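A quick write-up on the structure given underneath.
Here, each number is a calculation from the coordinates, and none is a lab measurement. Quantities reported herein were computed from a predicted structural model and do not represent experimental measurements. In this analysis, Cβ positions are derived from the backbone assuming ideal geometry, glycine residues included, and neighbour counts consider all displayed protein chains.
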Amino acid sequence: MINEISKKRKISEKDIQLFAEASGDYNPIHLDHKYAKNSFFKKRIAHGLLTGSHISALIANELPGPGSIYLSQTFKFLKPVFINDEVTTCISIDDIDKNIYYLDCKCFVRNELVLEGKAKVLKP
């Protein structure tokens, strides 16, 4: 059985636009160049949960895999993710109790930790 998985994905302009539409989160820090230029970050950033959704995709598709059901997820956002950043998402198994998987979740950009959290997932 696989105990750890990772995958890389680049954050595109289209990803941010589609995530804003799907979530209804139109915060100008994500969408407005002029607004973002005057912000703390000096340029637009990706939605934190867009980065977090990469964890969801790995859980659903790889570990534990298809049919998995989220029971809980924590996120700690450590650094911003910008348009065109390549995010490496890593999931490893902390523990398994029957069909409940306890997962350690991390996202990196250029080897810097940008997001970390824990997931509790039911594998049918």
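Some notes on this structure:
- The residues in the stretch 90-103 that are touching a residue at least 12 places away in the same chain (Cβ under 8 Å) and out of contact with any Phe, Trp or Tyr (no Cβ under 8 Å at 6 or more places or on another chain) can be counted, and the count is 7.
- Count of the stretch 7-54 residues which are of a type in the set (D, E, K, R) and in contact (Cβ under 8 Å) with a residue 12 or more places away in the chain: 10
- Restricting attention to the stretch 61-91, the residues being among the polar types (S, T, N, Q), farther than 19 Å from LYS8 by Cβ and exposed (fewer than 13 other Cβ atoms within 10 Å of the Cβ) number 2.
- For the stretch 27-55, filtered to residues that are among the polar types (S, T, N, Q) and touching a helix residue (DSSP H, G or I) at 6+ places or on another chain (Cβ under 9 Å), the residue that is nearest to THR88 (Cα to Cα) is SER53.
- Screening ILE29 on (1) closer than 30 Å to LEU122 by Cβ; (2) β-branched (Val, Ile, Thr); (3) over 14 Å from the mean Cα position of the chain (by Cα) shows it passes everything except condition (1).
- A residue that is in a helix (DSSP H, G or I) and either of a type outside the set (Val, Ile, Thr) or under 17 Å from GLU13 (Cα atoms) (or both) occurs nowhere in the stretch 92-109.
- Taking the stretch 57-85 as the range and being of a type in the set (Phe, Trp, Tyr) and assigned to a strand (DSSP E or B) as the test, the residues that pass are TYR70, PHE77, PHE82.
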